[in-house]
1. Please list, in chain and number order, the residues 5+ apart from L256 or on another chain whose amide H is under 5 Å from its amide H, with Hs placed from the backbone.
2. Among G271, G396, Q168, which residue has its Cα furthest toward the positive end of the charge dipole of the chain, with +1 on Lys/Arg Cβ and -1 on Asp/Glu Cβ?
3. Please give the calculated 222 nm ellipticity per residue for the chain, where each DSSP H segment of at least 4 residues contributes -39500 (n - 2.57) and the sum is spread over every residue; nearest 500 deg cm²/dmol?
4. By the gyration tensor of its Cα atoms, with a ≥ b ≥ c the square roots of the eigenvalues, what is the shape of region 45-114: rounded for a/c under 1.5, prolate for a/b over b/c, or oblate?
5. Going by average Cβ neighbours within 10 Å, how do the peptides 82-93, 213-224 rank, with the highest at the top?
6. With 20 Å as the cut-off, how large is the P(r) tail for region 1-132, expressed as percent of Cα-Cα pairs?
7. Can you give me the distance in nm between label points at E43 and F216, each placed 7 Å from the Cα along the Cα-to-Cβ direction?
8. Residue by residue, what Karplus-based ³J(HN,Hα) values in Hz, rounded to whole numbers, does region 221-226 have, using 6.51, -1.76 and 1.60 with θ = phi - 60° and x for Gly and Pro?
Amino acid sequence: MILPRRLTELLGDPLYLRLWLIGLFSMGSRWLELLVVGIFAVETTGSPVLVALLVILRMLPLAVFGSIVGTLADRLTPRILFYSSLGLAALVSLAVLGLALSGIAAYWHIALATFLSGLVWTTDMPVRRRMIGDVAGAERIAAGMSLDSATSNAMRLIGPLFGGLLYQWLGLGGAFGLAAALYAICLILTPGLPKAFASGVGQSSARLLGDLREGFRFLAREPELRRILYVTVIFNIWGFPFVSMIPVIGTENLGLNAAAIGGLAALEGGGAFTGALLIAAIGVRPGAYRRFYFFGTASYSALAFVASWMTETAPMAIVIFFVGLGAAGFSTMQTVLIYGMAPPEMRGRMLGILSLTIGAGVIGFTNIGLMGELFGGANAVRIVAAEGLVAAFLLGLTWPRLWRDGGGE
């Protein structure tokens, strides 16, 4: 079969393998931390809005710095950005480990650490995933991005699962100790990466602001690119915030312990991982990329709405798994569409703007946090999911290419 052969070729490519492994370990740390800090916030504050605030702080750098980092990625050596971001992540995890072992870790410490870790996230799209596209090449880009997306979704399963178990057994320090070790492995893998992207990097950064403006002017001329970004905004404002309420619902409605909450959250990642593998296995043609992307987003909100009505653990677990299946269409196609539609000299900037739209999740997590504070976690999910379905419906009505020839090229 063609797809397995291409995946084998990709993993046999030393450059792709390094990038894939860095993604594997860094994303594992990211999802582990996201679950652990949520449980810590629930236990220490009991406030849904403060739980959501931690996710807001994680995503805030994307909204503030995403487009700037993307522009820098078009101008600077990617290896420098890798070292800087991964080094910062390792230091932050070690600092939290030290605070936890000293018994003085407080909510504000975790809030600061979460914001700093969010700075690391800003480099993933315009640096690591762009390099994956360069290394994979045009013929293997769908396979390369699908494998990376499946890996990210697998870490959404494994990270929360291990995070919940480590938190219950060893506390906050155990979870962040593992995160620090994973980031250290990423740093070890970085030296073998190329010093430049495949297209035009390494020039003077003196025109940073001019390049940034040029990127937004290019986007203003491309309605299809804007629609792709609108879907990302919908997912991150009204879809993905669902995960921040899983610890709240697990505690308030289901009475679960930390390990069980971790397992419940892991099922969302398990569904996304399974969906990504299915998408890779069936060999989605380029003409269907938009539909997988759009309807994956819409189904995520619809199923999150259903999950909010579950009052028993087993039915909740099943629905959360299917929520993750919806996420697979979104996460698998997101970078493929942006990378394929942007010219090489604009890819860093467009992927940086993509990071900025992911940062719109700041609005979403603020919204769901406030709703959770006022009405409880389950009701908050219902309200936000309904808002997301309305937004998706309105976008779908105004997107002719989505319905013509499968959204074809």
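The values are calculated or read from the model by the stated rules, or taken from the named source; none is laboratory data. This structure is a prediction, so every number in the text was calculated from the model and none was measured. Neighbour counts run over all protein chains shown; Cβ positions are idealised from the backbone, glycine included. Calculation scope for accessible area: heavy atoms of the full protein, side chains included, ligands and nucleic acids excluded. Shrake-Rupley method; radii C 1.70, N 1.55, O 1.52, S 1.80 Å.
1. Excluding prolines and chain starts, which carry no amide H, the hits are T251.
2. G396
3. Per the formula, -27500 deg cm²/dmol.
4. Numbers: a/c = 5.30, a/b = 1.57, b/c = 3.37.
Oblate, because a/c is 1.5 or more while a/b does not exceed b/c.
5. In descending order of packing, they fall as 82-93, 213-224.
6. Distances greater than 20 Å cover 52 percent of the Cα pairs.
7. 4.3
8. 8, 10, x, 5, 4, 4
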